[in-house]
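A short worksheet on the structure shown next.
No lab work stands behind these numbers, since they all come straight from the coordinates. All values derive from a computational prediction rather than experimental measurement. When we count neighbours, we look across all protein chains shown, and the Cβ atoms used for this are built from the backbone with ideal geometry, even at glycine.
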Amino acid sequence: MTENPKHAISRPDPQEIRGFRHYPGWLGLEEQKALIETLRSVVTQAPLFSPMTPYGKPMSVRMTSAGRFGWISDRRGYRYSETHPDGQPWPAIPQPILDIWEAVSGTSRAPECCLINFYGEGAKMGMHQDRDEQDFDQPVVSVSLGDDGLFRIGNRTRGGKTESIWLRSGDVMVMGGEARLLYHGIDRVKPGTSPLMPKGGRINLTMRVVT
DNA sequence: AAGTAACG
DNA sequence: TGGA
């Protein structure tokens, strides 16, 4: 553990997994609770929706975004959009989320998108690459909240050996450098593993530089 | 194929 | 459960 003088909060050192930097328990319980409350107001302004894949099947994960850009998927493909499907601009990225980015991202650029994924019971996300951004030198930072999620990491192309790791509430993961384009996904969520989500479920935030 | 089925 |  190292001290963070700015907030006088002790933060964990990272563990490497396939080039991803995993910070187990980066956020304390009170920070997690506060963040979930903050997200409640974001979701009020930009309601969760179930994206349609370009192939006509809806994703099991519900999502929304904050920031200048949000990530969307529909019959026309995967892309970033400056507006929610309801036509409104996305809400601003809340400061506590920007603070996490500043602490771990290692870049001077600010995130332009905070994608908010909500995994209800049974929701999964298949193996994919984050490659809709313009600059792969910019990392993606992920924050886990709520129920545990089984995260799988593969390779730069499909196939080959993979590794799995349980992500827990408060964990932060930095996907950058050589690992930026690794395939990854969520196999399953363990229901009822977090008291923070009374109705259950897992929230994952991913911050990205889009342009 | 950011999905799902089948199979080892 | 993992990967095709």
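Structure notes:
- Compactness of the range A:79-143 as Cα Rg over 2.2 N^0.38 Å, two decimals: 1.26
- Sequence-distant residues sharing a close amide H with A:TRP26 (under 5 Å, placed H): A:ASP171, A:VAL172
- For chain A, built as a Gaussian network whose Cα springs stay under 10 Å, the top-fluctuating residue of A:SER144, A:SER169, A:SER194: A:SER194
- Shown here is the pair-distance distribution of chain A: with all Cα-Cα distances grouped in 5 Å bins from zero up to the longest one, the shares run 1, 7, 15, 20, 22, 19, 10, 3, 1, 0 percent.
- With contacts taken as Cα pairs under 8 Å and at least 6 residues apart, the range A:2-208 reaches a relative contact order of 24 percent.
- Among A:TYR23, A:GLY154, A:VAL143 - extreme Cα towards positive end, dipole of chain A, charges at beta-carbon: A:GLY154
- Karplus-derived 3J(HN,Hα), 6.51/-1.76/1.60, for each residue of the range A:69-84, Hz, glycine and proline x: 10, x, 8, 9, 9, 7, 4, 7, x, 8, 5, 9, 9, 7, 9, 5
- Entry note, chain A: the mean residue ellipticity at 222 nm calculated from DSSP H runs of n ≥ 4, each adding -39500 (n - 2.57), is -4000 deg cm²/dmol after division by the residues and rounding to the nearest 500.
- Summed residue charge, Cβ within 12 Å of A:VAL43's Cβ, Lys/Arg positive, Asp/Glu negative: +1
- Taking other residues whose beta carbon is less than 9 angstrom from the beta carbon of A:GLN138, and scoring Lys, Arg as +1 and Asp, Glu as -1, yields 0.
- Loop-resident sites, the range A:164-207, for trypsin sites (Lys or Arg not before Pro), counting at most 12 other Cβ within 10 Å (DSSP): A:LYS199
- For the range A:135-196 versus the range A:27-99, the gap between their alpha-carbon centres in whole angstrom: 17 Å
- Under the combined filter of DSSP loop state and at most 14 neighbouring Cβ atoms within 10 Å, the range A:1-103 retains these GluC sites (Glu not before Pro): A:GLU82.
- Positive minus negative residues near A:GLY126 (Lys, Arg vs Asp, Glu; Cβ under 15 Å): +4
- Gyration tensor verdict on the range A:97-211 (Cα atoms; rounded if a/c is under 1.5, prolate if a/b is larger than b/c, oblate otherwise): oblate
- Only lysine pairs 8 or more places apart, or on different chains, with alpha-carbon atoms under 15 angstrom apart are counted in chain A, and they number 4.
- The range A:120-178: GluC sites (Glu not before Pro) falling in loop per DSSP and having at most 16 other Cβ within 10 Å: A:GLU121
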